[in-house]
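Inspection log for the structure reproduced underneath, given as structure tokens.
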Amino acid sequence: MQNANSVQKQNPIQKFVVPIVLLAFVAALGYGLTKPAAVNTSSLEGKPAPDFTLKTLEGTDLTLSSFKGRPVVVNFFASWCGPCVDEAPMLSQAAIDSAAKKTVFLGVAYSDKAPLAKAFRDKYNLGFPVVMDDDKLEAGRSSVKYAITGVPETFFIDAKGIVVKAITGPLDAESLQAGLKGIGAI
Amino acid sequence: MIRILSSLLILLLAGFSLAQNAAEDARVQALAKQIRCPICQGLSITESSTDFSRSMLNELKDRVKQGETDDSIRDYFVSKYGRVVLLDPPKSGSDLIVWGAPLVILFGGAAALFSYLRRASNQTMPEVRSASLEKVRKQLEESQKL
């Protein structure tokens, strides 16, 4: 006969496995919430720079691959973009400083109008070619080729045509210098 | 006679071209619904009106026109933007966890609930010793006498 006061014994699986599973779940959740966000790196780094042909503000065709053999800095910007305004004087000066290494600076105006891009170039004395992104033509769809998700974005391409560094967001003096060094532009 | 035949041929070609365009449009729409707008919250490039989505949609249309396969087009966007560009993760590799985890949790929960309910329904009343029963009966009788 069963003793009336006997306490029902807990199944060992219930006793240990359930708390362990719950603990593991909470630990995974905590790790996911607290781990530092992954550094935003472009899928293009280390790969050949996608080519494009775009119209300059003067209306002539400019093909990126025509600069092969020289370090190239491609800067996606827009006249309506605040951080682009902040970095424009830095880019203008860097273009002058790295001229001895025959470095090419190229501005790609994204989602912009040519007169506004021209005014931007003149206001900030950008002494390098500025082209207009053109998403209607396959050859000109530079924003997709470079998978940009905002402006500004800057790509540092070495003389072999490889994207050495991509910077999402505004440049600062340090990142600009590092990028230029990486492609042998200074 | 020649005029009638040539008219029929033109009509036939026009019909074929229309049907081909409709099929291409349907493919574009179906594929575009699977591609995420990279700057939006869970919107496909057909639902979003950003310039980025428009550019991606134009790229997708060109690739469909060039006769690329669905997989090749998806792979192109993944190579550019990463796997996050796909609204539905592929049902392979580590992405299987995303699809499998809810099912595992659902079936696990159902099994736990079933097991709990079965145990609860099988629970028997604790047996009472006859000595105790006798004691209670006596107490009841005494209280009735009073």
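We did not get these values from a lab; they are worked out from the coordinates using the rules stated. What you see is a predicted model; the values in this text were computed from it and never measured. Ideal geometry is used to build each Cβ from the backbone, glycine not excepted, and the neighbour counts take in all protein chains shown.
A viscosity of 1.567 mPa s and a temperature of 4 °C, combined with the Kirkwood radius over Cα pairs in Stokes-Einstein, give a translational diffusion coefficient for the range A:116-169 of 100 µm²/s.
Of the candidates A:122, A:51, A:134, which one comes out as most mobile in a Gaussian network treatment of chain A with C-alpha springs shorter than 10 Å? Looking only at A:122, A:51, A:134, the biggest GNM fluctuation is shown by A:122. Candidates A:127, A:173, A:91 compared by Cα position along the dipole of the protein assembly as shown: farthest toward the positive end lies A:173, with charges placed on Cβ.
Legend: Rg and Dmax of the range A:21-126, from Cα coordinates, 20.2, 66 Å.
Calculated [222 nm] ellipticity per residue, helices only, for the protein assembly as shown: -15500 deg cm²/dmol; basis is -39500 (n - 2.57) per DSSP H run with n ≥ 4, divided by all residues, nearest 500. Calculate I(q)/I(0) for the protein assembly as shown by the Debye formula, one identical point scatterer on each C-alpha and no solvent, and give its log10 at q = 0.07, 0.08, 0.09, 0.11 Å⁻¹ to two decimals. With no solvent term, the Cα-only Debye profile gives -0.51, -0.59, -0.68, -0.87. Look at the alpha carbon pairs under 8 Å that are at least 6 residues apart: their mean separation over the length of chain A gives a relative contact order of 28 percent.
Kindly state, to the nearest 0.05, the FRET efficiency for residue A:68 paired with residue B:86, given R0 = 35 Å and r defined as their beta-carbon distance.
For R0 = 35 Å, the calculated efficiency reads 0.60.
The 3J(HN,Hα) values that the Karplus relation (6.51, -1.76, 1.60; θ = phi - 60°) gives for the range A:179-186 are, in residue order, x, 5, 4, x, 10, x, 8, 9 Hz. Gly and Pro appear as x. Rounded to the nearest 10 degrees, the inclination of helix B:70-81 to the longest alpha-carbon principal axis of chain B is 80 degrees. Phi angles across the range B:112-126 convert, under the Karplus curve 6.51 cos²θ - 1.76 cosθ + 1.60 with θ = phi - 60°, into 3J(HN,Hα) values of 5, 5, 4, 5, 5, 5, 5, 5, 5, 6, 7, 5, 8, 5, x Hz, Gly and Pro given as x. The Cβ shell under 14 Å around residue B:137 holds other residues with a net charge of +1, Lys and Arg each +1, Asp and Glu each -1.
Among B:105, B:97, B:45, the largest mean-square fluctuation in a Gaussian network model of chain B (Cα springs under 10 Å) belongs to B:105. Pairwise Cα distances in the range A:81-186 exceed 16 Å for 58 percent of all pairs. Radius of gyration over Kirkwood radius for chain B, both on Cα atoms: the Rg/Rh ratio is 1.58.
Distant-in-sequence amide contacts of residue A:105, defined by a placed amide H-H separation under 5 Å and a gap of 5 or more residues or a different chain, comprise A:73.
Cross-link pairs exceeding 21 Å between alpha carbons, from the set A:123/A:165; A:136/B:61; A:68/A:102: A:123/A:165. Angle check, please: helix B:51-65 long axis (alpha carbons) against the longest principal axis of chain B (alpha carbons), in degrees 0 to 90, nearest 10. Taking the Cα atoms of chain B, the angle to B:51-65 is about 70 degrees. In this structure, the amide hydrogen of residue B:44, modeled 1.01 Å from its nitrogen in the peptide plane, lies closer than 5 angstrom to those of B:37, counting only residues at least 5 positions away or on a different chain. For the range B:62-146, the set of trypsin sites (Lys or Arg not before Pro) satisfying both a DSSP loop assignment and a count of at most 15 other C-beta atoms within 10 Å is given as B:91, B:129. Between the listed residues A:76, B:89, A:152, the Cα displaced farthest toward the positive end of the dipole of the protein assembly as shown, a dipole computed from Cβ unit charges relative to the Cα centre, is found at B:89.
Per-residue 3J(HN,Hα) values for the range A:129-136, derived from phi via the Karplus relation 6.51 cos²θ - 1.76 cosθ + 1.60 with θ = phi - 60°, read x, 10, 10, 9, 4, 9, 7, 7 Hz in sequence order (x marks Gly and Pro).
Comparing B:78, B:104, B:64 in a Gaussian network model of chain B, where Cα atoms under 10 Å apart are tied by springs, the biggest mean-square fluctuation is seen for B:104.
Between residue A:33 and residue A:139, the simple spin-label model (points 7 angstrom out along Cα→Cβ) gives 5.4 nm.
Please give the helix A:82-97 orientation as an angle from the longest Cα principal axis of chain A, in degrees from 0 to 90, rounded to the nearest 10. For A:82-97 against chain A, the angle is about 50 degrees.
With the gyration tensor restricted to C-alpha atoms of chain A, the semi-axes of the equivalent ellipsoid amount to 54, 17, 16 Å, longest first. Label point of residue A:18 set 7 angstrom out along Cα-Cβ; within the range B:111-138, amide nitrogens under 18 Å from it belong to B:111-124.
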